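J.: Mind looking over this structure? Questions follow.
A short reminder: the numbers here are calculations on the coordinates, not readings from a lab. What you are looking at is a predicted structure, and each value in this text was computed from that prediction instead of being measured. No Cβ is skipped: glycine too gets one built from the backbone with ideal geometry, and neighbour counts run over all protein chains shown.
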Amino acid sequence: MADVNTNWSARVTVSPHLHEGSNTARIMISVILCLLPAGAWGVFLFGLYSLYVILASVAACVLTELIITRLLGRFTLNDWSAVLTGLLIGYNMPPSVPLYIPVIASVFAITVVKMAFGGLGRNWMNPALAGRVFVTFSWTGFMTTWKTPLTWSADAVTSATALGFVKSGLMTFEGTVRGPVEFLASKGYPIGKLPAFLAPLGRLFPGRYGALFLGNIPGCIGEVSALLLLLGSIYLFVKKIITWEIPVSYIGTFALMIWFLGGRPFGGAVFTGDVLFHLLAGGLMLGALYMATDMVSSPLTSKGMIIYGVGAGFLTFLIRIYGSFPEGVSLAIIIMNMFVPLINRATRPVVFGYVKEGKE
Amino acid sequence: MAYARRTLRTFGGGGVHPHDFKSLTNEVSIRNAPIPPEAVIPLQQHMGAPAECLVEAGDEVREGMLIGRAPGVFSANVHASIPGKVKEIREVYLATGIPSKAVVVEFEGEFERGGNEPMPWQDKDPRELLGLIREQGIVGMGGATFPTPIKFTTREGSPVEYFVVNGVECEPFLTADHRLMLEKTGSILEGVEIVRRILSPRHVLIGVEENKPDAIEVLRGEIARRSADIEVVVLRTRYPQGDEKQLLKALTGREVPSGGLPLDIGSVVSNVGTVYAIYEAVVLGKPLIERIVTVTGPALANPANFKVRIGTPVGNLLEECGGFSAKPGKIVAGGPMMGFALADPGVPVVKGTSGILALSERQSRPVLQTPCIGCGRCIAACPFGLSPTSLYKWIEHREYSEAMAAGLMDCKECGCCGYVCPAHIPLIQGMKLGKLMARKKG
């Protein structure tokens with residue numbers, strides 16, 4: 001091929017001519033894959049029906065986006081964001097919810113929250129969370145009915161989530177306990193009891209906190225296993241798909257506030273809150289690692305992400321401890337979503353060459 | 001030689017570290033490219049006004065003869081790079097896609113030059129030296145082609161603290177400066193002394209990235225041998241450290257004010273190629289008619305470093321490398337981060353052409369563009385502290401004044417944002433368009 005002129009390639013584009021190699025679809029698929037172990041645990045814990053819940057959400061999201069984009073003469077399913085939204089909606093459903101509820105949540109998320117604003121990248125709120133909150137307020141009964149894990153003995157006295165059990169229990173409780181875990185134990189909440197075939201895991205993560213960490217508790221399908229959610233996120237951190245700012249500031253602020261005031265409802269002093277219980281018992285891990293970090297609905301700069309994380313952590317604490325709901329992760333995140341444009345405006349980066357004299 | 005990476009100096013925020021592909025040519029010595037049968041010498045090879053044509057079709061020209069005169073200070077002289085006859089004056093497209101009048105010289109006759117006695121410059125007046133540099137058409141060889149005499153014209157009462165020689169060569173693929181530092185060490189250092197005479201700086205630094213350990217060693221050895229007062233500073237390899245503002249940040253910790261020049265912080269930066277051209281201009285009396293060009297890329301048979309006559313068509317150099325070893329995806333003039341894709345092998349090498357790249361099909365394949373997902377990676381990567389995604393959106397919506405207010409003109413088009421964007425949005429294309437439109441609107 002010595003003749004340069006005849007083999008000339010006339011492909012002309014603007015620089016840069018090299019690329020790091022990332023793309024939107026790969027980011028979405030990575031997040032999906034990293035979420036799968038936690039979902040598998042949920043299905044194992046709550047039975048095959050919970051798999052149908054997840055599949056119904058994914059199918060509803062994909063179909064809704066397909067129909068809308070067809071009407072608009074576009075095709076966007078190849079960015080995989082609809083699948084991820086569906087997966088997250090499924091993960092945020094109680095295991096025994098009627099299938100029409102995740103379907104409605106999905107249609108709402110894709111139609112109203114995502115496509116009405118222009119599709120991927122234009123949604124100013126996390127579609128999955130918006131969908132979940134929409135159905136939570138519409139079908140509160142179904143959305144707060146929990147299924148006992150199959151790993152629990154059949155005579156378990158309750159199927160409430162640990163957070164819900166503590167919250168409602170405290171309303172009529174008088175006296176003093178040393179915190180939520182002791183409170184649960186005193187009321188016979190069967191936390192920490194693993195069936196025989198999971199005993200090796202139980203030895204690895206002993207006691208009640210171990211059970212919380214493993215996720216052997218009632219809850220939403222995908223939120224229960226803090227362990228698997230954390231493991232999945234390691235890959236995302238390594239690949240820099242999520243950065244430290246949001247998870248650390250979110251979890252850090254929340255932990256600090258819980259430690260500071262979380263012991264008060266139990267009649268304890270300040271700085272006696274049970275941080276570990278609150279980190280592991282609800283949807284915090286799923287929220288802080290996978291939902292608050294949604295690139296579209298979170299701030300752009302490092303500083304902005306920290307402000308957003310601090311806000312979400314504080315609001316989650318506020319709702320859980322002083323609000324009327326036992327859980328506050330979804331609401332806290334979508335409230336902070338609304339502040340993102342303001343945060344972005346307030347945290348514009350400093351342009352090179354504008355540093356004041358003497359501030360080197 | 002190994003360096004403790006963390007201790008090495010580098011610039012502030014942002015930047016990227018792409019694979020450098022330099023091993024294709026960093027051990028290939030510079031050799032002379034063949035004299036082109038026809039040299040196409042544009043009159044606009046530099047920033048500023050084009051040179052005024054001094055010849056017409058049919059004129060005989062000698063090698064090194066002035067054929068284009070700078071009409072003012074912000075311009076540069078242009079010289080004939082080969083002897084011969086002017087075939088025509090015609091409009092050509094430069095690598096940038098911008099048209100320029102060019103003198104087409106048909107190669108004829110003999111080379112007269114060569115064997116000049118080195119000129120003793122040590123006792124010359126600095127102003128006289130500056131005049132020589134202007135006469136010989138010296139411009140910045142790093143790519144921006146800013147007329148060097150302007151850079152060297154210091155203001156009364158503001159002394160130059162740092163003269164920085166830019167040996168960073170942070171663009172992937174390029175090894176022209178690297179080879180020059182290895183092969184012309186002494187001449188470069190003599191060029192530095194000439195500049196020292198002009199600027200009388202308090203410190204002279206040469207910035208080199210750690211990925212060129214042999215060049216660092218050779219420079220340090222030669223400096224020690226001459227006991228010259230020059231410090232070679234090893235920098236952590238990071239793109240775009242070769243940008244003069246980022247280099248000054250890395251070396252001095254100071255930031256050139258927005259819209260300002262290095263002189264505003266008492267500094268002057270010149271590329272090693274420029275310093276070598278200054279040496280040739282002053283000591284050998286040779287105008288800027290040749291430069292070192294790295295011709296490389298995965299689609300090229302035998303990548304090489306050439307000393308090339310200005311005006312040599314790019315196609316000739318690719319042929320000289322044995323042509324393509326595979327169907328190239330894209331041909332680029334300059335580095336892969338800031339260079340220009342070429343539509344035509346007839347585009348001539350000019351004073352600012354540091355490399356010619358034949359990228360592979362795989363590297364050049366168009367990628368699906370998706371909407372911005374607000375990941376913020378372009379902001380984290382921007383070494384100038386801009387928000388490329390916001391600028392792009394304003395430009396898309398023709399809100400040029402908003403974009404200007406957010407620093408559009410501070411964008412150096414280094415390409416870091418486009419390199420990291422997972423949505424493959426043509427951010428740099430947007431910046432270029434935005435600047436053009438904003439200027440048009442005044």
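J.: Provide the FRET efficiency to the nearest 0.05 for the A:PHE339-A:VAL248 pair, computing r from the beta carbons and using R0 = 22 Å.
T.: Values: r = 19 Å, r/R0 = 0.85.
It comes to 0.75.
J.: For chain A, take the longest principal axis of its alpha carbons; what is the angle in degrees between that and the long axis of helix A:245-261, to the nearest 10 within 0 to 90?
T.: The helix A:245-261 is inclined about 20 degrees to chain A.
J.: Now, a different point. Which percent, nearest 5, of DSSP beta bridges in chain B are antiparallel? Could you put the intermediate results ahead of the total?
T.: Details: 37 of 60 bridges.
Here the share of antiparallel DSSP bridges comes out near 60 percent.
J.: Quick one: among A:TRP152, A:TRP139, A:TRP80, which has the greatest mean-square fluctuation in a GNM of chain A with alpha-carbon springs under 10 angstrom?
T.: Looking only at A:TRP152, A:TRP139, A:TRP80, the largest GNM fluctuation is found for A:TRP139.
J.: Right, another one. Compute the Cα gyration tensor for region A:24-143, then decide on rounded, prolate or oblate, letting a ≥ b ≥ c be the square roots of its eigenvalues: rounded whenever a/c is under 1.5, prolate when a/b is larger than b/c in the other cases, and oblate in all that remain. Don't skip to the answer; put the middle values down first.
T.: Working: a/c = 1.97, a/b = 1.34, b/c = 1.47.
Because a/c hits 1.5 or more and a/b fails to exceed b/c, region A:24-143 counts as oblate.
J.: Continuing with the same structure: Do any GluC sites (Glu not before Pro) in region B:1-99 lie in a loop, going by DSSP, with at most 15 other beta-carbon atoms within 10 Å of their beta carbon, and if so which?
T.: Passing both the DSSP loop test and the Cβ count: B:GLU27, B:GLU56.
J.: Also, quick follow-up: Going Cα to Cα from A:LYS114, which aspartates and glutamates come in below 16 Å? Please leave out same-chain ones fewer than 8 positions away.
T.: Within the straight-line limit of under 16 Å, A:LYS114 reaches these aspartates and glutamates: A:GLU65, A:ASP79, A:ASP294.
J.: What helices does chain B hold that run 18 Å or longer along their axis, going by alpha-carbon atoms, with a Kyte-Doolittle average of 0.5 or more, using DSSP H for the helix calls? Walk me through the intermediate numbers first.
T.: Working: long enough: B:185-199 (21 Å, 0.75); B:213-226 (20 Å, -0.39); B:427-441 (21 Å, -0.19).
Sorted by number, the helices that extend far enough and score high enough are B:185-199.
J.: Please report the antiparallel percentage of the DSSP beta bridges confined to the protein assembly as shown, to the nearest 5.
T.: Working: 37 of 60 bridges.
Antiparallel bridges: around 60 percent, rounded to the nearest 5.
J.: Which value at 222 nm does chain A reach when only helices count, each DSSP H run of 4 or more adding -39,500 (n - 2.57), with the total divided by all residues and rounded to the nearest 500 deg cm²/dmol? Please list the in-between numbers first.
T.: Details: 15 runs with 191 residues, N = 360.
Using -39500 (n - 2.57) per qualifying helix, the result is -16500 deg cm²/dmol.
J.: How shielded is B:411-423 by partner chains, expressed as the average number of their Cβ atoms within 10 Å of its Cβ atoms?
T.: Values: counts 1, 1, 3, 2, 6, 2, 1, 7, 8, 6, 6, 12, 7.
Across B:411-423, the average partner-chain Cβ count within 10 Å equals 5.
J.: Under the rule that a partner needs its Cβ under 4.7 Å from the first Cβ, which Cys of chain B have none?
T.: Those would be B:CYS53, B:CYS170, B:CYS321, B:CYS372, B:CYS375, B:CYS382, B:CYS411, B:CYS414, B:CYS416, B:CYS421, since no other cysteine Cβ in chain B comes under 4.7 Å of theirs.
J.: Of A:GLU20, B:GLU128, how do they rank once you tally other Cβ atoms within 10 Å and put the fewest first? Mind dumping the intermediate values first?
T.: Details: A:GLU20 18, B:GLU128 13.
Lowest count first: B:GLU128, A:GLU20.
J.: Rounded to the nearest 500, what is the 222 nm mean residue ellipticity of chain B from helices alone, with -39500 (n - 2.57) per DSSP H run of 4+ residues and division by all residues?
T.: Details: 14 runs with 124 residues, N = 442.
One gets -8000 deg cm²/dmol as the mean residue ellipticity at 222 nm.
J.: Tell me which residues come under 5 Å, amide H to amide H, from B:GLY355 once H is placed; ignore anything under 5 positions away on its chain.
T.: When sequence neighbours closer than 5 places are left aside, the close amide H contacts are B:THR294, B:GLY334.
J.: At a Förster radius of 25 Å, what calculated FRET efficiency corresponds to the Cβ-Cβ distance of A:LYS187 and A:SER324, to the nearest 0.05? Display every interim value, and only then the final one.
T.: Numbers: r = 20 Å, r/R0 = 0.81.
Working from the Cβ atoms, E equals 0.75.
J.: Could you line up A:LEU72, B:LEU342 from fewest to most neighbouring Cβ atoms inside 10 Å? Walk me through the numbers before you get to the answer.
T.: Numbers: A:LEU72 11, B:LEU342 26.
Going from least to most buried by this count: A:LEU72, B:LEU342.
J.: For chain B, with only Lys/Arg (+1) and Asp/Glu (-1) charged at the beta-carbon, what is the dipole magnitude about the Cα centre, in debye rounded to 20? Let's see the in-between values first.
T.: Details: 49 positive and 49 negative charges, 279 e Å.
Charge dipole of chain B: 1340 debye, to the nearest 20.
J.: Counting other beta carbons within 10 Å of each Cβ, put B:ARG238, A:ARG122, B:ARG197 in order, fewest first.
T.: Numbers: B:ARG238 21, A:ARG122 14, B:ARG197 18.
With the sparsest Cβ surroundings first, the list reads A:ARG122, B:ARG197, B:ARG238.
J.: Right, another one. List the residues of region B:256-291 whose backbone N lies under 16 Å from a point placed 7 Å from the Cα of B:PHE111 along the Cα-to-Cβ direction.
T.: Once the point is set 7 Å along Cα→Cβ of B:PHE111, B:280-281, B:284-291 turn out to lie under 16 Å by backbone N, inside region B:256-291.
J.: Still on this structure, I have one more. Can you give me the distance in nm between label points at B:HIS424 and A:LEU99, each placed 7 Å from the Cα along the Cα-to-Cβ direction?
T.: 3.7 nm
J.: Take B:LYS85 and B:TRP121, extend 7 Å from each Cα along the Cα→Cβ direction, and tell me the distance between the two endpoints in nm.
T.: Distance between label points: 3.7 nm.
J.: Ok, one more. What is the percent of Cα-Cα separations in the protein assembly as shown that go past 50 Å?
T.: When every Cα pair of the protein assembly as shown is considered, 32 percent fall beyond 50 Å.
J.: What is the distance, in nm, between label points placed 7 Å from the Cα along the Cα-to-Cβ direction at B:LEU436 and at A:LEU55?
T.: Between B:LEU436 and A:LEU55, the label points sit 5.3 nm apart.
J.: Okay, moving on. Could you work out how much longer the chain between A:ARG74 and A:PHE260 gets when fully extended? Use 0.36 nm per residue separation minus the Cα distance between them, nm to one decimal. Before the final figure, lay out each step's value.
T.: Values: separation 186, 0.36 × 186 = 66.96 nm, distance 5.12 nm.
Residue separation times 0.36 nm, minus the Cα-Cα distance, leaves 61.8 nm.
J.: With a sphere of radius 14 Å drawn around the Cβ of B:LEU359, what net charge do the other residues whose Cβ falls strictly inside it have (Lys, Arg +1; Asp, Glu -1)?
T.: Numbers: positive: A:ARG11, B:LYS327, B:LYS330, B:ARG362, B:ARG365; negative: B:GLU171, B:GLU361.
That works out to +3.
J.: So the label point goes 7 Å from the Cα of B:ALA326 along Cα→C-beta, right? Which residues of region B:357-374 then have their backbone N under 19 Å from it?
T.: Backbone N within reach: B:357-367.
J.: Tell me the angle of helix A:24-46 to the major Cα principal axis of chain A, expressed in degrees between 0 and 90 and rounded to the nearest ten.
T.: 20 degrees
J.: Take the alpha carbon gyration tensor of chain B, find the square roots of its eigenvalues, order them as a ≥ b ≥ c, and report rounded if a/c is under 1.5; if not, report prolate when a/b exceeds b/c, else oblate. Each step should come with its number before you reach the end.
T.: On the way: a/c = 1.39, a/b = 1.16, b/c = 1.20.
Since a/c stays below 1.5, the shape of chain B is classed as rounded.
J.: Between rounded, prolate and oblate, where does chain A land on the alpha carbon gyration tensor, with a ≥ b ≥ c its root eigenvalues, rounded for a/c under 1.5, else prolate if a/b exceeds b/c?
T.: On the way: a/c = 1.98, a/b = 1.51, b/c = 1.31.
Note, shape of chain A comes out prolate.
J.: In degrees between 0 and 90, to the nearest 10, how far off the longest principal axis of chain A does helix A:81-91 point, with axes built from Cα atoms?
T.: Between helix and principal axis, roughly 0 degrees.
J.: B:LYS249: which lysines have alpha carbons under 19 Å from its alpha carbon, excluding same-chain residues fewer than 8 sequence positions away?
T.: Qualifying lysines at Cα under 19 Å: A:LYS356, A:LYS359, B:LYS151, B:LYS412.
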